[in-house]
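Undergrad: One structure follows; several queries about it will come next.
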Amino acid sequence: MTFQRNSRVHPARIRQLNDADPVRSGPAVYWMSRDQRAEDNWALTAAIDYSRSSGCPLIVVFCLVDGFLDAVWRQFDFMLTGLQETEAQLHACNIPFIILTGDPEITLPTWLKENRVGCLFTDFDPLRIKLHWLERVIRSVTIPVIQVDAHNIVPCWEAYPRAAFGAYILRRPLMRRMQEFLVDYPELPVMPSIGFCTRNPWRKLYDQAAALDGAPPVCWLDPGSRAAHEMLETFITTRLDQYSDRRNDPCTDAQSHLSPYIHFGQISAQRIVQTILASTSSSSGDMIEQVFIRRELSDNFCFYTPGYDRLDGFPAWARRTLDDHRMDTRYEQVAPERLESAETGDSLWNAAQRELVIRGKMHGYLRMYWAKKILEWSVDPETALATAIRLNDRYSLDGRDPNGYVGIAWSIGGVHDRAWGERPIVGKIRYMSRTGASRKFDIDRYIHMIDELERTEEKEKTDEGISGASKGTGTSNH
Ligand SMILES: Cc1cc2nc3c(=O)[nH]c(=O)nc-3n(C[C@H](O)[C@H](O)[C@H](O)COP(=O)(O)OP(=O)(O)OC[C@H]3O[C@@H](n4cnc5c(N)ncnc54)[C@H](O)[C@@H]3O)c2cc1C
């Protein structure tokens, strides 16, 4: 295929989604969606290679959609700051970057036609809404639509032909093909100027984001690719050695905090894996297991399971056992609103929920406990699943991600897990208790840390003399 022949990108990473031929008189466009970065981006590389070999100018377009999958101000702010940095990097290479607002299935085909675009590149995302947009765009255009998996190390469609039952199934093909796909990224070239360089209306976009309901931006994590690379560097030099032994202890800062950056595509997982492999830490293997195998397992599940966020995505044994226990007495039923405001009878759970609301990121170990308790306290599994997804997507910076849907489906619906001993309400779904958690870490210390965090947050708000809502505007890095 032409697009593969003329590209430095591994041919298996690129696929044409329709039969159209390119129109060489018009520009090529990369519709950037999931991989919101200029560097280390195979989709952009493929578009650049096509532009150079065909002589067609290249433009990058991003479609900004209001209220995307429950996203609120916090997530939009993080994303916009990353995109602003991407714009600057692209402009330095003479590549125009245009933000379109509105539903991509409508705005994008219109814009492509108005600008007589000859060929469309895009990145890969297994989420339903993204697949739907893409399908509608393909139906509305007569130019080639080329997809490049710039998110996974082994392209999702190449790794395994169906949903893998568990990590043990996918690990082998991924490890076998890892080196083949860990090709060094080429440098971003300076393209010939096409005398067209628009600036996007950032102030207006930030104001629109701030007008959205919901949690304010966070102060502890700077958005953007530069900050992502700094976070990776700091993690490797100060925390990676502790990763194997301490990452399940919420009182120890041993996780990487890379998930928001990976989610918004501000850093590539391939770059993380190559950097970790070059380190000499004894924790490297455990980190690779998470950031490569477990993360790509999530994409595999969502890509091949249309109901990845519904009960019908759960394995049959899990659906059966949850059904068997539908009528069990819920000894402590907690309404979704009381969960959201952290008003349950479990101080550990409440602290985890407060961490999510304040920091936009809950510790990885507690995410499992948090979701499993939602199952125990909800009127039925459907309500539990919907509540966990809503809270995760609304407050978590890394929410609305295959990892989130799979993490919740693992906790509530036994996805990628096996049946365990039977208990009331949860049936054979793996159970987690506060007593079990107390064997892993000092629960009182964790709760105290979150109390402190909340006090600091309150004090900052009072000191600044402004409400929580206007605080984020002042701290964002626009
Ligand atoms: C109920 C529940 C909800 C979750 N929601 C999300 C979510 O919305 N977004 C999200 O990215 N992850 C989610 N996870 C997976 C995991 O908890 C987070 O990826 C991790 O805590 C992110 O923090 P970190 O980057 O500091 O992690 P680290 O431990 O430093 O891991 C590095 C990277 O490895 C990957 N990773 C780590 N653990 C997992 C895992 N269990 N499954 C898949 N990939 C993993 C992530 O890409 C992560 O950024 C969820 C897990 C559960 C149980």
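Undergrad: In the stretch 324-357, what GluC sites (Glu not before Pro) fall in a loop by DSSP, with at most 14 other Cβ atoms inside 10 Å?
TA: Answer by residue number: GLU332, GLU343.
Undergrad: What translational diffusion coefficient, in µm²/s and rounded to a whole number, does the Stokes-Einstein relation yield for the stretch 306-458 at 37 °C and a viscosity of 0.692 mPa s, taking the hydrodynamic radius as the Kirkwood radius over Cα pairs?
TA: Answer, rounded: 209 µm²/s.
Undergrad: With r defined as the distance between the Cβ atoms of GLN179 and MET327 and R0 fixed at 45 Å, what FRET efficiency is calculated, to the nearest 0.05?
TA: On the way: r = 53 Å, r/R0 = 1.17.
After rounding, the FRET efficiency stands at 0.30.
Undergrad: Using DSSP to define loop residues, name the GluC sites (Glu not before Pro) in the stretch 150-226 whose beta-carbon has at most 16 other beta-carbon atoms within 10 Å.
TA: Of the GluC sites (Glu not before Pro), the ones in loops of the stretch 150-226 whose Cβ has at most 16 other Cβ atoms within 10 Å are GLU187.
Undergrad: Among CYS56, CYS197, CYS119, rank each residue by its count of other Cβ atoms within 10 Å, from fewest to most, as a rough exposure measure.
TA: Ordered by Cβ neighbours within 10 Å, fewest first: CYS197, CYS56, CYS119.
Undergrad: Kindly provide the Kirkwood hydrodynamic radius of the stretch 349-434 in Å, to one decimal, from all pairs of distinct alpha carbon atoms.
TA: Taking every pair of different Cα atoms in the stretch 349-434, averaging 1/r and inverting gives 12.9 Å.
Undergrad: Another one. Give me the base-10 log of I(q)/I(0) for the chain at each q in 0.07, 0.10 Å⁻¹, Debye formula, one uniform scatterer per Cα, rounded to two decimals.
TA: So the normalised log intensities are -0.37, -0.78.
Undergrad: Have a look at the stretch 183-248 and give its Rg and Dmax from the Cα atoms, expressed in angstrom.
TA: 19.0, 54
Undergrad: Determine the gain in length on full extension of the stretch TRP202-ARG423; use 0.36 nm per residue of separation and subtract their C-alpha separation, reporting nm with one decimal.
TA: Between TRP202 and ARG423, full extension yields an extra 74.3 nm.
Undergrad: On alpha carbon coordinates alone, what is the Rg over Rh value for the stretch 34-78, Rh being the Kirkwood radius?
TA: Rg/Rh: 1.13.
Undergrad: Continuing with the same structure: In percent, what relative contact order does the stretch 167-270 have, based on Cα pairs under 8 Å that are 6 or more apart in sequence?
TA: Relative contact order comes out at 23 percent.
Undergrad: How high is the relative contact order of the stretch 306-458, in percent, with contacts defined as C-alpha pairs under 8 Å that are six or more residues apart?
TA: Answer for the stretch 306-458 is 30 percent.
Undergrad: Order these by the 10 Å Cβ neighbour count, fewest first: THR435, THR456, THR275.
TA: Ordered from fewest to most neighbouring Cβ atoms within 10 Å, THR435, THR456, THR275 come out as THR435, THR456, THR275.
Undergrad: DSSP loop trypsin sites (Lys or Arg not before Pro) in the stretch 114-147 with at most 13 other Cβ atoms within 10 Å of their Cβ, which ones? Spell out each step's value before the answer.
TA: Values: sites: ARG116, ARG128, LYS130, ARG136, ARG139; in loops: ARG116.
Answer in residue order: ARG116.
Undergrad: Using only the alpha carbons of the stretch 1-71, determine the length spanned along each of the three principal axes and report them from longest to shortest in whole angstroms.
TA: Cα spread of the stretch 1-71 along its principal axes, largest to smallest: 40, 26, 25 Å.
Undergrad: If each residue of separation counts as 0.36 nm, what is the full-extension length gain between ALA20 and ARG172 once their alpha-carbon separation is subtracted?
TA: This chain segment gains 51.1 nm when fully extended.
Undergrad: Can you give me the C-alpha center-to-center distance between the stretch 382-439 and the stretch 78-130, rounded to a whole angstrom?
TA: So the two Cα centres are separated by 34 Å.
Undergrad: Going by C-beta contacts inside 10 Å, put VAL23, VAL137, VAL154 in order with the fewest on the left.
TA: Going from least to most buried by this count: VAL23, VAL137, VAL154.
Undergrad: How long is the gain from ASP451 to ALA88 if the chain were fully straight, where each residue apart is worth 0.36 nm and the alpha carbon distance is subtracted? Don't skip to the answer; put the middle values down first.
TA: On the way: separation 363, 0.36 × 363 = 130.68 nm, distance 3.96 nm.
In short, 126.7 nm is gained.
Undergrad: Once you charge only the Cβ atoms, +1 for Lys and Arg and -1 for Asp and Glu, what is the size of the charge dipole of the chain about its Cα centre, to the nearest 20 debye?
TA: On the way: 57 positive and 64 negative charges, 233 e Å.
Here the size comes out at about 1120 debye.
Undergrad: What residue among TYR206, SER341, LEU375 has its Cα farthest toward the positive end of the dipole of the chain, where the charges are +1 on Lys, Arg and -1 on Asp, Glu, each on the Cβ?
TA: LEU375
Undergrad: What FRET efficiency would be calculated for the residue pair GLU39, GLN242, taking the C-beta separation as r and a Förster radius of 41 Å, to the nearest 0.05? Don't skip to the answer; put the middle values down first.
TA: Details: r = 29 Å, r/R0 = 0.70.
Efficiency computed from Cβ-Cβ geometry: 0.90.
Undergrad: What is the diffusion coefficient of the stretch 234-347 in µm²/s, taking the Kirkwood radius over Cα pairs and the Stokes-Einstein relation at 37 °C with a viscosity of 0.692 mPa s?
TA: Diffusion coefficient, whole number: 186 µm²/s.
Undergrad: Restricted to Cα positions, what overall size does the stretch 303-377 have along the principal axes? Three whole-Å values, descending.
TA: 35, 35, 21
Undergrad: Which of the helices in the chain meet the span-like rule: DSSP H, Cα axial reach of 24 Å or more, Kyte-Doolittle mean at least -1.0?
TA: Values: long enough: 73-92 (28 Å, -0.45); 443-464 (32 Å, -1.59).
Membrane-span-like by this rule: 73-92.
Undergrad: Given only helices, namely DSSP H runs of n ≥ 4 each adding -39500 (n - 2.57), what is the per-residue ellipticity at 222 nm of the chain, to the nearest 500 deg cm²/dmol?
TA: -15000 deg cm²/dmol
Undergrad: Work out the FRET efficiency for SER347 and VAL190 from their Cβ-Cβ distance, taking R0 = 51 Å, and round it to the nearest 0.05.
TA: 0.35
Undergrad: If you place +1 on the Cβ of every Lys and Arg and -1 on the Cβ of every Asp and Glu, how big does the dipole about the Cα centre of the stretch 306-458 come out, in debye to the nearest 20?
TA: 540
Undergrad: Take the chain, mark every one of the chymotrypsin sites (Phe, Trp or Tyr not before Pro) that falls in a DSSP loop and has at most 10 other Cβ within 10 Å, then report the longest stretch left between them, sites excluded.
TA: Looking at the chain, 1-219 is the longest stretch - no exposed chymotrypsin sites (Phe, Trp or Tyr not before Pro) with at most 10 other Cβ atoms within 10 Å.
Undergrad: Next up: Sequence gap at least 6, Cα distance under 8 Å: using those rules, report the relative contact order of the chain to the nearest whole percent. Spell out each step's value before the answer.
TA: Details: 752 pairs, mean separation 85.0, N = 478.
18 percent.
Undergrad: Towards the positive end of the charge dipole of the stretch 197-331, with charges on Cβ (+1 Lys, Arg; -1 Asp, Glu), say which of ILE288, VAL218, MET231 has the farthest Cα.
TA: Among ILE288, VAL218, MET231, the one farthest towards the positive end of the dipole of the stretch 197-331 is VAL218.
Undergrad: What does the convex hull of the Cα atoms of the stretch 2-151 come to per residue, in Å³, rounded to a whole number?
TA: About 102 Å³ per residue, rounded to a whole number.
The numbers here are math on the coordinates, done by the rules we state, and not lab data. Worth saying up front: this structure is predicted, and the values here are computed from it rather than measured. Please note: Cβ atoms are built from the backbone with ideal geometry, for glycine as well, and neighbour counts cover all protein chains shown.
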